[in-house]
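To start, the structure itself, in structure tokens.
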Amino acid sequence: MQKSHPKKPIFKEQSQSLPGLESRMDPLPEFEDHSPGSDKLLGKKCIITGGDSGIGRAVAVAFAKQGADVAILYHPKEKEDADFMVNYIRQNFKRQCLSIAADISKEENCKTAIGQIVKTFEKVDVLVNNAGVQYPAADITQISSEKLMETFSINIFAMFWITSAVVPYMPKGGCIINTTSVTAYRGSAGLIDYSATKGAIVSFTRSLSTNLMEKGIRVNGVAPGPVWTPLITATFPPEEVAKFGTDSPMKRPAQPREVAPAYVFLASEDASFISGQIIHVNGGEIVNG
């Protein structure tokens, strides 16, 4: 009989309250790869939800490095991370960076936030629907209706609301990129509701691509595997955080900077003939779709 080998910790045991801050993580997530920009997105006006931290932060930095002006939507409790981002982008890349605090679980807040952004940007070339939340639960009976509705409201309903508000301001050649997850393809016993929203995002992406094709707007998605972000330290027990990502084929989680290039590619002219597709940045896990 083959012996099982317990996963070894690769991080310190740690925890923090939701929604989580990057500054309280050890080690800090790596959000920039320090490669030179090449103006692939020069002059583009981009919105990234959840752009203050995690994958969203890395995407915002990567876009700015490529010459884009960015607007980030963030949860009001993450102002520290948002302020850091605004200063970082303005100082390092000399690009515009707007930050809008919004609880996107409410439709009215989504529409108001987009309205604020378009007053300055006037158009939106790229929308990255990235913000998300998760509440691990060992059993489906432990998922309350309140948490279920919150998870769906933030993870998928907000994508509908924000996209609906953005499309009238998106010119031909614009694109939408939605963050889904490897859990949409293989499921997750401890993240049933979260995985369900991520599966919905895949279908939303494909259907929206078909719907917006005549407008000349491309729609694609990125399905990351485990990524070292504040959401991990804010939702998993400390002992699980210490071993996070070690069950992936590469035996570690991705750093946000390793995921961001997929978004740059999809937002650029390099992907001008690609729509309705999902890019899998998951550390080697083989999935269908």
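The values are calculated or read from the model by the stated rules, or taken from the named source; none is laboratory data. Since we're looking at a predicted model, the values are computed, not measured. Note that each Cβ is placed from the backbone with ideal geometry, even for glycine, and that neighbours are counted across all protein chains shown.
Can you go through I104, I89 and tell me which one is closer than 14 Å to T49 by Cβ and either modelled with pLDDT of 95 or more or of a type in the set (D, E, K, R) (or both)? Checking each option against the conditions leaves just I104. Checked across the stretch 83-100, the condition of being within 30 Å of P237 (Cβ to Cβ) and of a type in the set (G, A, S) holds for no residue. Looking at T246, T183, just one residue is closer than 23 Å to T151 by Cα and not basic (K, R), and that residue is T183.
Residues checked against (1) crowded, with 17+ Cβ neighbours inside 10 Å; (2) of a type outside the set (D, E, K, R); (3) under 16 Å from the mean Cα position of the chain (by Cα):
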position	(1), (2), (3)
G173	no, yes, no
I177	yes, yes, yes
T205	yes, yes, yes
E214	no, no, no
A254	yes, yes, yes
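The set of residues in the stretch 77-96 being out of contact with any Lys or Arg (no Cβ under 8 Å at 6 or more places or on another chain) and under 19 Å from M25 (Cα atoms) consists of K77, E78, K79, E80, A82, D83, F84, Y88. Only one entry in G221, G132, G187 is under 18 Å from S275 (Cβ atoms), of a type outside the set (S, T, Y) and in contact with a Ser or Thr (Cβ under 9 Å, 6 or more places away or on another chain), namely G221. Considering only residues in the stretch 185-203 that are of a type in the set (S, T, Y) and surrounded by fewer than 18 Cβ atoms within 10 Å (Cβ to Cβ), the one that is farthest from V287 (Cα to Cα) turns out to be S203.
Taken together, P224, P256 contain a single residue that is within 19 Å of F63 (Cβ to Cβ) and in contact with a His (Cβ under 9 Å, 6 or more places away or on another chain), which is P224.
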